[in-house]
Amino acid sequence: MKAMNYISSILTSKVYDVAVVTPVDEAPALSARYGCRFLLKREDLQPVNSFKIRGAYNKMSRLPAAALAKGVLAASAGNHAQGVALSAKRLGVKATIVMPETTPEIKVNAVKAHGASIVLHGDGYSDAAEEAARLVRETGMTFIPPYDDPDVIAGQGTVAKEILEQVQDADAVFVPIGGGGFAAGVAVYVKGVKPSVKVYGVEPEDSDCMSRSFKAGRRVVLENPGLFADGVCVKKPGVETFRLCKKFLDGIVRVSTAETCAAIKDIFEATRAICEPAGALALAAAKKVAKRGKTYVAIVSGANMNFDRIRFVSEETEIGERREAIFDCRIPERPGSFKAFISRIGRRSITEFNYRFADRDYAHVFVGMSVKDQSERRRLRAQFIASGFPTVDLSDDFIAKEHIRHMVGGHASGATDELLMSFEFPEKPGALLHFLSVMAGRWNISLFHYRNHGAAYGRVLVGFQVPKREERAFRRALDEIGYVYREVTDNPACRDFVG
């Protein structure tokens with residue numbers, strides 16, 4: 001479809017039969033801190049708490065009566081499922097949603113509440129999509145795609161129409177990217193109506209299929225996209241969405257998990273609403289590229305947050321704002337050295353402090369402190385080193401933040417031939433049993449630490465005692481399990497505190 005046809009489709013869309021015109025709210029404290037204006041387009045206030053209702057309804061409202069009579073079907077674990085379910089309810093048609101068996105009960109119940117039938121199948125979206133395709137062939141129902149469809153793209157693009165009507169002086173609009181339907185719809189409208197306004201797509205650093213596709217000049221498949229911002233967890237962009245994003249976006253900004261968590265806090269402080277991780281991506285990106293005097297519109301795309309993720313978000317927020325420094329400091333094991341070390345910290349607020357005797361000559365201290373910015377973090381490290389305390393900065397170390405700071409104990413002197421591995425375990429019954437069934441009786445497990453983030457996967461740190469001659473067989477066994485893993489034996493936090 002040509003750009004002008006998309007604009008026409010956006011202008012004639014019937015999404016307001018079910019969607020609402022959402023407000024634009026300013027984040028005043030954040031704007032004052034950066035010297036610019038941050039405006040929040042509140043798609044979290046839609047009836048299903050996300051923008052997905054727009055695309056789903058626009059697609060379904062344009063279907064022939066004969067197709068609607070057979071019913072509609074979708075595969076989704078989240079916002080698209082609710083958008084299709086509510087749209088079907090308003091149109092008076094039957095809807096079936098295929099969801100992974102790992103989908104949290106709160107999301108399953110939310111879809112059921114709109115009257116849709118639920119089919120639970122497989123471990124993830126790919127399995128659910130395959131089952132949905134089978135059901136379409138078997139039943140003749142119409143599949144409602146989540147993003148790679150002209151009518152879906154046009155429905156999402158109605159957000160851009162509202163933004164340009166509500167904000168006359170916008171310098172740039174930021175929109176999250178999963179499969180690209182939302183970004184494509186917003187970009188094609190803004191660039192067609194007011195091309196002076198920049199439009200940037202936003203992706204998590206660990207789930208950036210569109211960014212990588214831009215660089216490659218073709219659609220790239222991610223083997224293991226990050227799961228924290230599950231609303232944009234897509235392995236491959238759509239055909240049409242890639243074409244439109246490549247042509248109309250001014251660029252893509254990638255943001256970290258910590259930056260996303262900090263943006264969730266900013267949105268809460270401005271609105272008292274808790275958005276989901278994908279919903280905060282746009283603001284995280286706007287903050288990252290902000291210049292004084294500019295006006296930025298960040299689309300808060302959704303608020304379907306699992307409650308048990310809030311703890312993790314809170315922990316990551318200070319790191320995302322670069323207001324926490326985490327250090328691995330080595331101190332001599334002699335009287336007075338502990339006091340001397342603490343005196344170097346001074347009156348700074350301590351967020352974390354872990355110490356355990358490990359060696360008669362020296363000990364490692366895991367310490368977290370509040371800092372104003374990264375320059376203070378660098379100065380602190382230099383001061384520790386100058387005072388005779390060798391220091392490693394772990395502020396950006398994944399293993400240190402995810403596991404070590406939550407563990408107790410210390411070095412195990414008897415754990416010879418130890419390899420430390422970081423895993424992503426699927427959050428489903430039997431995951432641990434499957435893991436142990438493959439590994440049981442072959443290599444001793446010397447360490448095990450698990451953390452749940454309220455996502456479809458949990459982070460697990462495991463230590464194995466593996467003789468050198470058995471390493472090849474050991475890695476074959478890990479591949480057999482089928483879980484994402486990587487070795488972290490040489491990670492500095494592991495080496496100094498648990499290795």
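Under 5 Å between amide hydrogens, which residues at least 5 positions from ALA172 or on another chain qualify, with H placed 1.01 Å from N in the peptide plane?
Amide H neighbours of ALA172, under 5 Å, 5+ apart: LYS198, THR295, VAL297.
What ranking do PHE307, PHE38 get, fewest neighbouring Cβ atoms within 10 angstrom at the top? Before the final figure, lay out the partial values.
Working: PHE307 10, PHE38 28.
Ranked by crowding around the Cβ, least crowded first: PHE307, PHE38.
Per residue of the range 369-384, in order, report the coupling 6.51 cos²θ - 1.76 cosθ + 1.60 (Karplus, θ = phi - 60°) as ³J(HN,Hα) in whole Hz, putting x for Gly and Pro.
Here the 3J(HN,Hα) series is 9, 6, 9, 7, 6, 5, 5, 5, 4, 5, 5, 4, 4, 4, 5, 4 Hz.
GLY458's amide H: which non-local residues (gap 5+, or another chain) put their own amide H closer than 5 Å, with H modeled 1.01 Å from N in plane and none for Pro or chain starts?
PHE425, GLU427
Are any of the pairs LYS41/LYS401; LYS247/LYS372; LYS59/LYS287; LYS265/LYS401 more than 30 Å apart by Cα-Cα distance, and if so, which? Don't skip to the answer; put the middle values down first.
On the way: LYS41/LYS401 32 Å; LYS247/LYS372 40 Å; LYS59/LYS287 34 Å; LYS265/LYS401 19 Å.
From the list (LYS41/LYS401; LYS247/LYS372; LYS59/LYS287; LYS265/LYS401), the Cα-Cα distance tops 30 Å for LYS41/LYS401; LYS247/LYS372; LYS59/LYS287.
Nearest-5 percent of antiparallel DSSP beta bridges in the chain? Could you put the intermediate results ahead of the total?
Values: 42 of 71 bridges.
Bridges in the chain that DSSP calls antiparallel: roughly 60 percent.
Let's see if you can work this out: charge +1 on each Lys and Arg Cβ, -1 on each Asp and Glu Cβ, no other charges. What is the dipole magnitude of the chain about its Cα centre, in debye to the nearest 20?
Working: 69 positive and 59 negative charges, 241 e Å.
So the dipole magnitude of the chain works out to roughly 1160 debye.
Tell me the label-point distance for the pair PHE398, LYS70, using the 7 Å Cα-to-Cβ offset, in nm and rounded to one decimal.
In this crude label model, PHE398 to LYS70 measures out at 4.4 nm.
What is the packing order of peptides 73-85, 138-150, taking the mean over residues of other C-beta atoms within 10 Å and listing the highest first? Spell out each step's value before the answer.
On the way: 73-85: 28.0, 138-150: 18.3.
Those peptides, ordered most packed to least, come out 73-85, 138-150.
Would you tally the net charge around ALA303, using a Cβ to Cβ cut-off of less than 10 Å, leaving ALA303 out, and scoring K and R as +1, D and E as -1?
Working: positive: ARG42; negative: GLU43, ASP44, GLU276.
Surrounding charge for ALA303 is -2.
Name the shape class, rounded, prolate or oblate, that the alpha-carbon gyration tensor gives for the chain, where a ≥ b ≥ c are the square roots of its eigenvalues, rounded holds for a/c under 1.5, and otherwise prolate holds if a/b is larger than b/c and oblate otherwise.
On the way: a/c = 2.53, a/b = 1.49, b/c = 1.70.
Oblate.
Ordered by residue, what ³J(HN,Hα) values in Hz, to whole numbers, does the range 250-267 give under the Karplus form 6.51 cos²θ - 1.76 cosθ + 1.60, where θ = phi - 60° and Gly and Pro are x?
7, x, 10, 10, 9, 10, 8, 4, 5, 5, 5, 5, 4, 5, 4, 5, 4, 5
Check which residues have an amide H placed less than 5 Å from VAL98's amide H, if you skip close sequence neighbours.
ALA74, ALA75, SER76, VAL119
Residue-wise, which Karplus ³J(HN,Hα) couplings in Hz belong to the range 57-67, taking 6.51 cos²θ - 1.76 cosθ + 1.60, θ = phi - 60°, and x for glycine or proline?
Coupling constants for the range 57-67: 5, 4, 5, 5, 5, 9, 6, x, 4, 5, 5 Hz.
Tell me what the chain gives for mean residue ellipticity at 222 nm when only DSSP H runs of n ≥ 4 count, each as -39,500 (n - 2.57), the sum divided by the residue total, rounded to 500 deg cm²/dmol.
Details: 20 runs with 208 residues, N = 499.
Helix-only estimate at 222 nm: -12500 deg cm²/dmol.
Order these by the 10 Å Cβ neighbour count, fewest first: PHE327, PHE268, PHE435.
On the way: PHE327 22, PHE268 16, PHE435 19.
So the residues, fewest neighbours to most, are PHE268, PHE435, PHE327.
Helix 471-481 sits at what angle to the longest principal axis of the chain, using alpha carbons and giving 0 to 90 degrees rounded to 10?
That works out to roughly 30 degrees.
Counting only C-alpha contacts under 8 Å and six or more residues apart, can you give the relative contact order of the range 322-396 as a whole percent? Before the final figure, lay out each step's value.
Values: 127 pairs, mean separation 35.7, N = 75.
About 48 percent, as a whole number.
For LYS112 and ARG243, what does the FRET efficiency come to when R0 = 41 Å and r is the distance between their Cβ atoms, rounded to the nearest 0.05?
Given R0 = 41 Å and the Cβ-Cβ separation, E is 0.70.
How would SER213, SER301, SER256 line up from fewest to most surrounding beta-carbon atoms within 10 angstrom?
Starting with the residue having the fewest Cβ neighbours, the order is SER256, SER213, SER301.
Where does each of 337-346, 278-287, 376-385, 46-55 land if you order them by average Cβ count within 10 Å, highest first?
Values: 337-346: 13.7, 278-287: 30.8, 376-385: 16.1, 46-55: 26.8.
The densest-packed peptide leads the list: 278-287, 46-55, 376-385, 337-346.
Among GLY178, TYR125, GLY463, which residue has its Cα furthest toward the positive end of the charge dipole of the chain, with +1 on Lys/Arg Cβ and -1 on Asp/Glu Cβ?
Farthest towards the positive pole: GLY178.
Under a point-charge model restricted to the Cβ atoms of Lys and Arg (+1) and Asp and Glu (-1), what is the dipole moment magnitude of the range 53-143 relative to its Cα centre, in debye to the nearest 20? Write out the running numbers ahead of the final one.
Details: 11 positive and 7 negative charges, 130 e Å.
The dipole of the range 53-143 has a size of about 620 debye.
In terms of the Cα gyration tensor, with a ≥ b ≥ c the square roots of its eigenvalues, is the range 322-396 rounded because a/c is under 1.5, prolate because a/b exceeds b/c, or oblate?
Values: a/c = 1.86, a/b = 1.72, b/c = 1.08.
It comes out prolate by the Cα gyration axes.
Since every read-out is calculated from the coordinates, none of them should be taken as a lab result. Note that the coordinates shown come from a computational prediction; the quantities given were computed from them, not determined experimentally. A quick note on method: Cβ atoms are made from the backbone with ideal geometry, for glycine too, and the neighbour counts reach across all protein chains shown.
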